[in-house]
Amino acid sequence: MIKKVCCIGAGYVGGPTMSVFADKCKDISFNVVDVNPDRIAAWNSKDLSKLPIFEPGLDEIVKRRRGKNLTFSTEVHKCISEADMIFISVNTPTKTSGIGAGQASDLKWVESCARQISEYAKGHTIVVEKSTLPVRTGEVIKAILESSQSSLNSKNKNTFDILSNPEFLAEGTAINDLENPDRVLIGGSNENAINALHDLYKKWVNEDKIIHTNLWSSELAKLTANAFLAQRVSSINSISALCEVTGADVREVSRAIGKDSRIGSKFLNVGPGFGGSCFKKDILNLVYLANHFGLPQVADFWESVVHLNSWNQNRLTNIILEKLFGTLTEKKIGILGFSFKANTNDTRESPAVQICKNLLNEGAYLKIHDPKVSKEQIDLDLGTPPIEDLKKNEVLVKKYKYKKWENSLLENDFFENLDAVIVLTEWEIYSKIEWEKVSKKMRSPGWVFDSRLIVDEERVKSSGLSFWRVGVGTVRRN
Ligand code: NAD
Ligand code: UGA
């Protein structure tokens, strides 16, 4: 019987996942640990708007369970030693140096977890890979755990089972995804260990959705799921460029192909390109694995999905440059949305980062709005901190390169003297902008670029602003 669960890593996955577990399994304690004391302090903050992660519905669950059967602490060793089951939910970014740099996953955080578990775990412990990992990482974890026991006599030996239980939540909908998953995947070889984890999930997940596989299939299925999803985004983005030049409308194309039940209607929204911490890293990991196992054609196929995505991000910059008479020097551009998608404060691999850098390189001044991303995060992502203390807008634009608009609400003042506005994230408020009003604030001829197809077309057109939308051709159809 599982009584105490420890989760190593209080990030986007560890925090929400354990919160939902705690909510659904009230007789079990869930202890989330992290080496980052600031993150843990934020998880423990009384003011629930200060949780380190913004996810709709998360604050209410934390409020219900924190201090009862859900804790957040930096007591990594203590929690490991008390746990019957340990989730490894740490970061697995792409390696930046050494063999496999730029493609392979950096497993140093996972290895460090395995070493700490080998040192502090007591009795029998089920170790669950929650992080997304290259195929056969389970072998590495097993080797570390077992080698630590080889010098002990059989009475003092601790024992371990290893499971893979990848997470499929998407940011912004994490709580719903966790509460109503399409499936739960448990990979492993030991029936008892698989059943122990199965029994936790079955408290709220229908058992026909809980799939058992071997360890390697589970690890590979997670990478494959992300690769397939990212490939769909690149596919529709590639078609959107074709729509623009042929006079087709990508929304009509999406609707037409989505009605084919073999294709399905989800994940066919065009945009500035996929972002987020995982799609690119997981595909590149797949590319690395394919090359490693002598399958360069497979590697090339998947790598092209990432290439298309980079091309798509740069394509938008080129279009803006062309429409604004070939120069952006000292032009004032408003950026609407900095997170990689709506309903999250996460900016990792956000297309906005690359697109803003491109525009700054061209000499533009940027005014950036996002309802959830902090100014500090934008500073980190763009590199050069803006010059502050400027009151009047005219003075302001001469001195700053970019500035975060501090109001979480988008007010008409934001548009003062802008030459162009670019919608990069599909936050709902951007679909409700009263363009008739804001156009009067902008410099003429003002442009609106909609990379998400959420802007109210009629309102922009009646405001007299020039309008460019992704995936909608301007060639007249007869
Ligand atoms: P994250 O960077 O938000 O969080 C990871 C946390 O682990 C950090 O707070 C870090 O301080 C902590 N950590 C690292 N090493 C540690 C150690 N040895 N001891 C204690 N704490 C340690 O990462 P994330 O977004 O939660 O992703 C975690 C994993 O889940 C990754 O493998 C990712 O690919 C996968 N994943 C992420 C998502 C997502 O939406 N973000 C979804 C599914 C799967
Ligand atoms: C994705 C997967 O959807 C999750 O199943 C997975 O668990 C997670 O990665 C992970 O492993 O990290 P996430 O990155 O949070 O989740 O968000 P998605 O909704 O998948 O969006 C990813 C990117 O694709 C975003 O930039 C989004 O704007 C873009 N996208 C998505 C589109 O441009 N069009 C679409 O139709 C869908």
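The values are calculated or read from the model by the stated rules, or taken from the named source; none is laboratory data. Being a predicted model, the structure only gives us computed values, none of them experimental. A quick note on method: Cβ atoms are made from the backbone with ideal geometry, for glycine too, and the neighbour counts reach across all protein chains shown. Surface areas here come from the heavy atoms of the whole protein model, side chains and all, with no ligands, DNA or RNA. Shrake-Rupley method; radii C 1.70, N 1.55, O 1.52, S 1.80 Å.
Do we have any residue at all in segment 250-259 that's open to solvent by 50 Å² or more (accessible area, probe 1.4 Å), assigned by TED's automatic domain parsing to the domain that holds ASP300, within 20 Å of LYS341 (Cα to Cα) and not β-branched (Val, Ile, Thr)?
Checked against the condition, which is being open to solvent by 50 Å² or more (accessible area, probe 1.4 Å), assigned by TED's automatic domain parsing to the domain that holds ASP300, within 20 Å of LYS341 (Cα to Cα) and not β-branched (Val, Ile, Thr), segment 250-259 yields at least one hit.
Out of the residues in segment 271-287 that are in contact with a Leu (Cβ under 7 Å, 6 or more places away or on another chain) and open to solvent by less than 10 Å² (accessible area, probe 1.4 Å), state the one that is farthest from ligand 1 (Cβ to nearest atom).
Among residues in segment 271-287 that are in contact with a Leu (Cβ under 7 Å, 6 or more places away or on another chain) and open to solvent by less than 10 Å² (accessible area, probe 1.4 Å), the one farthest from ligand 1 (Cβ to nearest atom) is PRO272.
If VAL13 satisfies all but one of (1) open to solvent by 40 Å² or more (accessible area, probe 1.4 Å); (2) more than 10 Å from ligand 1 (Cβ to nearest atom); (3) of a type outside the set (S, T, N, Q), what's the number of the condition it fails?
All conditions pass for VAL13, except number (2).
For segment 323-368: of the residues being acidic (Asp, Glu) and within 13 Å of the chain's Cα centre (by Cα), which is farthest from GLU406 (Cα to Cα)?
Pass one, segment 323-368, residues acidic (Asp, Glu): 330, 346, 349, 362.
From what is left, the residues that are within 13 Å of the chain's Cα centre (by Cα) are 346, 349.
On the way: ASP346: 17, GLU349: 22 Å.
Ranking the qualifying residues of segment 323-368, first place goes to GLU349.
Within segment 169-181, how many residues are outside any helix (DSSP H, G or I), open to solvent by 50 Å² or more (accessible area, probe 1.4 Å) and either within 12 Å of ligand 1 (Cβ to nearest atom) or touching a residue at least 40 places away in the same chain (Cβ under 8 Å) (or both)?
Restricting attention to segment 169-181, the residues satisfying the condition of being outside any helix (DSSP H, G or I) are 169-173, 180-181.
Filter again for open to solvent by 50 Å² or more (accessible area, probe 1.4 Å), leaving 173, 180.
Still in the list and also either within 12 Å of ligand 1 (Cβ to nearest atom) or touching a residue at least 40 places away in the same chain (Cβ under 8 Å) (or both): 173.
Of the residues in that region, 1 qualify.
From LEU229, LEU242, LEU200, which residue is more than 27 Å from the chain's Cα centre (by Cα), in a helix (DSSP H, G or I) and either under 29 Å from TRP302 (Cα atoms) or outside the structural domain of LYS281 (by TED's automatic domain parsing) (or both)? Reasoning before the result, please.
Numbers: LEU229 fails: more than 27 Å from the chain's Cα centre (by Cα); LEU200 fails: more than 27 Å from the chain's Cα centre (by Cα).
Within the list LEU229, LEU242, LEU200, the selection yields LEU242.
Of VAL184, VAL205, which residue is more than 16 Å from the chain's Cα centre (by Cα), within 15 Å of ligand 1 (Cβ to nearest atom) and not assigned by TED's automatic domain parsing to the domain that holds GLU428? Talk me through it step by step, then tell me what you get.
Values: VAL205 fails: within 15 Å of ligand 1 (Cβ to nearest atom).
Matching residue, one of VAL184, VAL205: VAL184.
Enumerate the pairs (first residue in segment 3-24 and more than 20 Å from GLU82 (Cα to Cα); second residue anywhere and among the aliphatic types (A, V, I, L, M) and crowded, with 24+ Cβ neighbours inside 10 Å) with beta-carbon separation below 6 Å, excluding pairs fewer than 6 apart on the same chain, so at least 6 apart or on different chains.
Taking only residues 6 or more apart or on different chains, the pairs are PRO16/ALA174; VAL20/LEU178.
Any residue in segment 435-448 that's outside the structural domain of VAL470 (by TED's automatic domain parsing): show its pairings with residues that are surrounded by 24 or more Cβ atoms within 10 Å (Cβ to Cβ) and in a loop (DSSP other than H, G, I, E, B) at Cβ separation under 8 Å, as long as the two are six or more apart or on different chains.
none
Only one of (1) buried (at least 19 other Cβ atoms within 10 Å of the Cβ); (2) within 17 Å of PRO371 (Cβ to Cβ) fails for TYR402. Which number is that?
TYR402 satisfies all of (1) buried (at least 19 other Cβ atoms within 10 Å of the Cβ); (2) within 17 Å of PRO371 (Cβ to Cβ) except (2).
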